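Take a look at the structure below.
The values are calculated or read from the model by the stated rules, or taken from the named source; none is laboratory data. This structure is a prediction, so every number in the text was calculated from the model and none was measured. Backbone-built Cβ (ideal geometry, glycine too); neighbour counts: all protein chains shown.
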Amino acid sequence: MSDAEANAPKALFSARSFSIASVSAYLQALPLAIILGAFLLLPIMMIVVVSFWDYDFASMYPDFVTFNYGETLGSWVTWKTYLNTLKYAVIVWAITLVIGFWVAYFLAFHIRTATMQTLMFLVCTVPFLTSNIIRMISWIPVLGRNGLVNTALVNMGIVPAPVEWLLYSDFAVVLAMVHLYSLFMVTPIFNTLMRIDRSLVEAARDAGASGWQILTNVIIPLAKPGMAIGTIFVVTLVMADFITVQVMSGGQSASVALMMKNEMSLLQYPAAAANAVILLTLVLIMVAGILRIVDIRKEL
């Protein structure tokens, strides 16, 4: 018997094993694929389809028109609203990144025992056990004209009259968003910092590096995947937030999500769907840009 004839059964067995393994892998992934298809891809496809429909003051009609996108992209009000939303996203991202990194750094490198680290992290999560709306509204009696901050400032003689811009302003919107979304930056950065091999820090210190050099040349570069994940969380949440903008600005500011909410309240569903598609595209471009800069696969 030749070597080819002898090896033929082995090759056939290997091919069958590979085929069975492939089918098994597809079967294992099938439930998740069905869930994602039914609850993610299908709704997005429906939104895209509806964005091309026609509508009037009472109903919408299946059609293929492009004026929903034309009215959206051709209006300076819409462009101003998108820029305002991006402004909120950038400001909140920058503040939460600083807060999130230093909180995570303190927990990871200055708390020595794992038990205390867990306890301190749980303390950070306690405010998030309540509703977002309750935590947001709780700022109103603090920042209001007769609130705690203004009362203290007036009584101490720092200001002659209550400060008006503390509430119902962009400052109040940003403050509430930072409060709401800081944990989404702390958690992935803390997870990344905990994975850093402490021997790298010790080696840098033994080589004569200062604390600042260790931070900038060792810790921050290794923490970039966590920062990227936190950035994706915070930016997407801010871009989709409308209730915070509506309540904390007192109706004096706007965001894309708030604009869509108003369009849906007026039964302008195709226009709202067109805005949703544009916003989704913008967010996906931003996420793709982040993923091009930082490889987060090792954190997933």
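Quick check on ASN68: is it in contact (Cβ under 8 Å) with a residue 40 or more places away in the chain, farther than 30 Å from VAL201 by Cβ and touching a Leu at 6+ places or on another chain (Cβ under 7 Å)? Steps first, answer last, please.
Numbers: in contact (Cβ under 8 Å) with a residue 40 or more places away in the chain: yes; farther than 30 Å from VAL201 by Cβ: yes; touching a Leu at 6+ places or on another chain (Cβ under 7 Å): no.
Answer is no for this residue.
Scanning region 153-180 for residues that are loosely packed, with under 11 Cβ neighbours inside 10 Å and either among the aromatic types (Phe, Trp, Tyr) or in a helix (DSSP H, G or I) (or both) gives ASN155, GLU164, TRP165.
Looking only at residues in region 38-80 that are in a helix (DSSP H, G or I) and among the aromatic types (Phe, Trp, Tyr), the one that is nearest to SER255 (Cα to Cα) is TRP79.
Flag set for TYR105, criterion: surrounded by 12 or more Cβ atoms within 10 Å (Cβ to Cβ), more than 25 Å from VAL247 (Cβ to Cβ) and at pLDDT 90 or above. Confirm whether VAL123 is assigned to a helix (DSSP H, G or I), out of contact with any Gly (no Cβ under 7 Å at 6 or more places or on another chain), exposed (fewer than 15 other Cβ atoms within 10 Å of the Cβ) and aliphatic (A, V, I, L, M). In short, yes. You will find that of VAL277, VAL245, the residue that is touching a residue at least 60 places away in the same chain (Cβ under 8 Å), of a type in the set (Val, Ile, Thr) and either under 30 Å from GLY144 (Cα atoms) or touching a His at 6+ places or on another chain (Cβ under 6 Å) (or both) is VAL245 and no other. Residue pairs whose Cβ atoms lie under 7 Å apart, separated by 6 or more positions or on different chains, with the first residue in region 180-195 and touching a residue at least 40 places away in the same chain (Cβ under 8 Å) and the second surrounded by fewer than 20 Cβ atoms within 10 Å (Cβ to Cβ) and hydroxyl-bearing (Ser, Thr, Tyr), are LEU183/THR125; LEU193/TYR105.
Those residues that are surrounded by 13 or more Cβ atoms within 10 Å (Cβ to Cβ) and part of a helix (DSSP H, G or I), I need them from region 126-152; list them, please.
From region 126-152, those surrounded by 13 or more Cβ atoms within 10 Å (Cβ to Cβ) are 127-128, 132, 135-140, 142-145, 147, 149-151; that's our starting set.
Correct list: PRO127, PHE128, ASN132, ARG135, MET136, ILE137, ILE140, VAL142, LEU143, VAL149, ASN150, THR151.
For region 181-218, the set of residues classified as surrounded by 13 or more Cβ atoms within 10 Å (Cβ to Cβ) and assigned to a loop (DSSP other than H, G, I, E, B) consists of SER182, ARG195, ILE196, ALA209, listed by residue number.
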